[in-house]
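Q: First, the structure itself, so that you have it in front of you.
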Amino acid sequence: MKKYISRVIIAFSVLASAQFVAHAQDVPVYLDASKPIEQRVEDALSRMTLMEKIRVIHAQSKFSSAGVPRLGMPDFWTDDGPHGVRPDVLWDEWEQAGQTNDSCVAYPTLTCLAATWNPSNSLLYGRSLGEEARYRGKDMILGPGVNIYRTPLNGRNFEYMGEDPYLTSQMVVPYIQGLQSQGVSACVKHYCLNNDEEYRHQVNAIVSDRALHEIYLPAFKAAVQQGKTWAIMGGYNLYKNQHNCHNELLLNKILKGDWGFDGVVVSDWGGTHNTDEAIHNGLDMEFGSWTDGLTMGETNAYDNYYMANPYVERIKSGKVGTKELDDKVRRVLRLFFRTTMRTDRPIGFLCSEAHYAAARHIASDGIVLLKNKGNLLPINVTKTKRVLVVGENAIKMMTVGGGSSSLKVQREVSPLDGLKEQLETIKVEYARGYVGDVTGEYNGVTTGQNLDDKRSPEELIKEAVEKAREADYVIMFGGLNKSDYQDCEGHDRKEYGLPYGQDKLIEALAAANRKFIYVNISGNAVAMPWLDRVPAVVQGWFIGSEAGHALADVLTGDANPGGKMPFTWFERLSDVPAHSLNSYPGTWRTDKKIIDEEYKEGIYVGYRWVDKAKTKPLFAFGHGLSYTTFKLGGLRQDKSTMTADGTITFTVNVKNTGVKAGSEVVQLYVHDEKASVDRPQKELKGFAKVYLQPGESKDVKISLDSTALSFYDEKSGQWTAEPGRFEALVGTSSNNLPFKAKFTLE
Ligand code: BGC
């Protein structure tokens with residue numbers, strides 16, 4: 001009997017393995033995950049009809065493009081981005097789909113993430129967002145954004161990572177890696193020179209090659225070469241008179257040629273304007289076009305996209321061949337194999353406690369303590385009986401609005417509620433102080449808040465001041481919001497000053513109570529004409545679902561604010577080079593169709609300009625205070641001469657000399673002593689964040705190679721590091737670099 005059973009088992013397993021072999025032989029190469037991706041791409045491509053190829057390179061709905069059902073390739077779903085997964089809209093309308101499972105966690109906006117100066121936060125951010133995207137069935141998140149902060153009026157700066165190409169590059173790479181680890185593609189945007197929102201479809205950016213390569217491209221290049229992003233979104237604007245979504249130089253030459261990008265170029269929604277340019281100049285997937293079909297709604301609008309029927313007609317009439325089409329489809333297939341065609345993609349989570357914890361941690365690590373005279377902060381909880389909270393931004397939901405990054409959140413804790421929760425036994429009162437924008441709706445998502453208040457500004461200030469006189473601390477949450485012409489897509493701010501008469505309120509509160517703390521909620525710098533009268537100022541960004549918790553953590557000292565400014569906070573608009581040089585917003589051409597914006601400041605953006613023009617900003621790039629103190633000491637270098645292919649390492653010891661745990665960011669800037677071209681006084685080339693317990697100390701090491709010493713040589717079109725003497729400037733902010741070490745590049 002035993003023998004019989006084993007014979008049956010053997011017979012069965014022979015049969016099974018024979019079947020397996022037969023099955024494995026049947027599996028087409030493109031479905032065989034063990035085969036190299038390029039082989040799978042070629043195999044799939046060879047099986048596709050012309051119409052199938054055309055269908056995958058343009059949208060079929062607001063946020064999706066078609067797969068190839070005949071070959072078992074699913075539709076491809078994109079979604080905004082970049083701070084949480086946008087709620088679903090109807091197939092062909094911007095109206096909400098009305099799902100009940102599309103509320104998400106809103107993470108801090110990218111300015112806050114950049115302010116953490118900690119790439120591991122980016123990894124956590126990307127991974128957490130990727131998990132939510134997976135749960136929601138999204139294959140691509142439209143983000144992150146890495147356009148450089150050039151003017152504080154840009155309505156979209158909050159979606160970006162500040163002014164410095166090195167910081168932005170370091171912070172964007174792990175975000176992409178984290179997101180893509182979940183099988184969700186990043187789509188890094190908006191490539192490139194999309195540095196202001198006003199007239200964004202008409203701006204023709206005029207910029208020197210040096211500024212392009214040294215300031216505006218590095219983060220995109222890092223996203224491609226280090227982050228290995230699977231997609232890039234073209235900007236709406238023009239460069240060299242050609243729209244960036246089909247810009248020969250930017251897409252074919254630089255992105256795909258020089259950088260070897262093998263992913264897809266996605267148009268911004270409605271950023272495609274011309275079939276021939278789209279075919280030839282490197283666009284791979286067209287989304288959001290407003291063709292006649294779409295506005296009229298007579299036929300399927302998507303068939304009328306620039307890269308749909310018009311493309312087919314050109315191929316059928318022999319006007320264009322299929323070489324470009326095949327290249328586009330190869331890229332799309334690569335994207336499919338990286339995402340929708342993977343069988344091992346994680347399932348993801350929505351609104352998990354771990355995601356809230358990530359959002360809260362990143363927020364408090366990015367909140368910047370700008371000023372803290374007499375150590376007014378943190379609030380002395382044991383000696384406090386009454387706290388007065390003032391301002392619309394203490395109660396207004398900030399996750400709704402701002403344009404395409406608007407979200408529908410499962411929860412958003414307001415600063416007022418966060419403080420009440422944290423201060424438990426202390427009486428927390430509220431006064432409105434000013435009325436800003438009481439509406440709370442974006443694209444069909446409503447906050448449900450009734451913020452109406454018909455009182456006059458004088459009455460509101462009077463009430464706030466009276467209550468302020470009775471309070472132990474007064475904390476005002478003011479700043480901007482996500483309404484049109486503020487921190488919002490589509491337009492720029494109209495002025496640098498705070499809106500809604502807040503300056504008056506701030507001055508009155510500062511006069512009424514010595515313990516006055518101003519928390520600025522925004523993604524941009526604002527004018528602070530009252531700064532000398534306000535003892536404590538906190539930059540609170542837009543920090544999403546956990547806003548109230550994170551801000552309360554910081555204000556009460558439960559968390560030590562860890563942020564450092566990712567951009568220069570200029571005192572006045574006329575100190576900002578784009579404005580002082582009359583470059584912004586540009587000059588309309590006589591036909592009024594294009595506005596030329598010449599980036600006259602060249603490479604001198606942010607702190608580079610501060611050094612050159614010798615202006616004094618309100619808060620320097622890299623600035624941020626702490627509740628503890630640090631002592632940096634003993635800057636050492638492992639050599640004094642480095643070779644072109646070698647490295648040099650600097651070590652500095654950081655000690656927490658205070659009584660609270662906290663973090664410090666060691667920043668290293670390079671100064672070139674002599675160069676054949678004009679160079680900035682210094683440029684950030686390394687940084688490291690350390691978290692230290694009281695009394696603890698650590699050695700921080702920062703290494704440089706010759707890329708950190710190079711500039712973009714316009715004559716040769718190459719990056720060049722000239723031999724000679726350099727200086728490493730080390731400290732904790734761009735205006736506090738007490739340690740210097742000289743070295744030579746051979
Ligand atoms: C924005 C993009 C966004 C897209 C889709 C465009 O208007 O510029 O950033 O991803 O819409 O919502």
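Q: If you take the residues in the stretch 407-446 that are assigned to a strand (DSSP E or B) and touching a helix residue (DSSP H, G or I) at 6+ places or on another chain (Cβ under 7 Å), which one is surrounded by the fewest Cβ atoms within 10 Å (Cβ to Cβ)?
A: The residue in question is GLU429.
Q: Here is a further query. Might you let me know whether the stretch 639-648 holds any residue that is in contact (Cβ under 8 Å) with a residue 24 or more places away in the chain, touching a helix residue (DSSP H, G or I) at 6+ places or on another chain (Cβ under 6 Å) and not basic (Lys, Arg)?
A: yes
Q: Something else about it: Out of LYS62, LYS3, I need the residue that is modelled with pLDDT under 95, out of contact with any Pro (no Cβ under 6 Å at 6 or more places or on another chain), among the basic types (Lys, Arg) and crowded, with 17+ Cβ neighbours inside 10 Å. Which one?
A: That would be LYS62, the only listed residue that is modelled with pLDDT under 95, out of contact with any Pro (no Cβ under 6 Å at 6 or more places or on another chain), among the basic types (Lys, Arg) and crowded, with 17+ Cβ neighbours inside 10 Å.
Q: Could you name every one of the strands (runs of 3 or more DSSP E) located completely within the stretch 624-685 that has at least 2 residues being exposed (fewer than 15 other Cβ atoms within 10 Å of the Cβ) and modelled with pLDDT of 95 or more?
A: 630-637, 647-656
Q: OK, next. I'd like to check something: does the stretch 377-386 contain any residue that is under 17 Å from HIS83 (Cα atoms) and part of a strand (DSSP E or B)?
A: no
Q: Filter the stretch 193-218 down to the residues that are of a type in the set (D, E, K, R) and either under 14 Å from the mean Cα position of the chain (by Cα) or assigned to a loop (DSSP other than H, G, I, E, B) (or both) and list them by number.
A: Listed by number, the residues that qualify are ASP196, GLU197, GLU198, ARG200.
Q: I've got another one for you. Identify the single condition in (1) assigned to a loop (DSSP other than H, G, I, E, B); (2) within 16 Å of the ligand (Cβ to nearest atom); (3) under 22 Å from ALA66 (Cβ atoms); (4) not acidic (Asp, Glu) that VAL265 does not satisfy, given that it satisfies every other one.
A: (1)
Q: Among the residues of the stretch 686-729, how many are buried (at least 16 other Cβ atoms within 10 Å of the Cβ), farther than 30 Å from THR628 by Cβ, aromatic (Phe, Trp, Tyr) and in contact (Cβ under 8 Å) with a residue 60 or more places away in the chain?
A: 2
Q: Now for a separate question. With the structure loaded, tell me whether THR272 is within 16 Å of the ligand (Cβ to nearest atom), at pLDDT 95 or above, in a loop (DSSP other than H, G, I, E, B) and over 18 Å from ILE57 (Cα atoms) or whether it fails that test.
A: no
Q: In the stretch 530-540, which residue that is of a type outside the set (Val, Ile, Thr) and in contact with a helix residue (DSSP H, G or I) (Cβ under 6 Å, 6 or more places away or on another chain) is surrounded by the fewest Cβ atoms within 10 Å (Cβ to Cβ)?
A: ARG533
Q: Right, next: Taking the condition among the β-branched types (Val, Ile, Thr) and under 30 Å from ASP209 (Cα atoms), does THR275 pass?
A: yes
Q: Also: Restricting to the stretch 275-312, and then to whatever is β-branched (Val, Ile, Thr) and modelled with pLDDT of 95 or more, can you tell me which residue is nearest to the ligand (Cβ to nearest atom)?
A: So the residue we want is THR275.
Q: Within the stretch 364-396, track down each residue that is surrounded by fewer than 24 Cβ atoms within 10 Å (Cβ to Cβ) and in contact with a Cys (Cβ under 6 Å, 6 or more places away or on another chain).
A: Within the stretch 364-396, none qualify.
Q: Still on this structure, please answer the following. Can you work out which of the residues in the stretch 219-230 that are part of a loop (DSSP other than H, G, I, E, B) and crowded, with 23+ Cβ neighbours inside 10 Å is farthest from the ligand (Cβ to nearest atom)?
A: Filtering the stretch 219-230 for residues that are part of a loop (DSSP other than H, G, I, E, B) and crowded, with 23+ Cβ neighbours inside 10 Å, the one farthest from the ligand (Cβ to nearest atom) comes out as GLY227.
Q: Any idea which residue in the stretch 32-74 is nearest to the ligand (Cβ to nearest atom), counting only those that are assigned to a loop (DSSP other than H, G, I, E, B) and free of Cβ contacts under 8 Å to residues at least 40 places away in the same chain?
A: So the residue we want is ALA66.
The values are calculated or read from the model by the stated rules, or taken from the named source; none is laboratory data. Since the model is a prediction, treat every value here as computed from it, not as a measurement. Please note: Cβ atoms are built from the backbone with ideal geometry, for glycine as well, and neighbour counts cover all protein chains shown.
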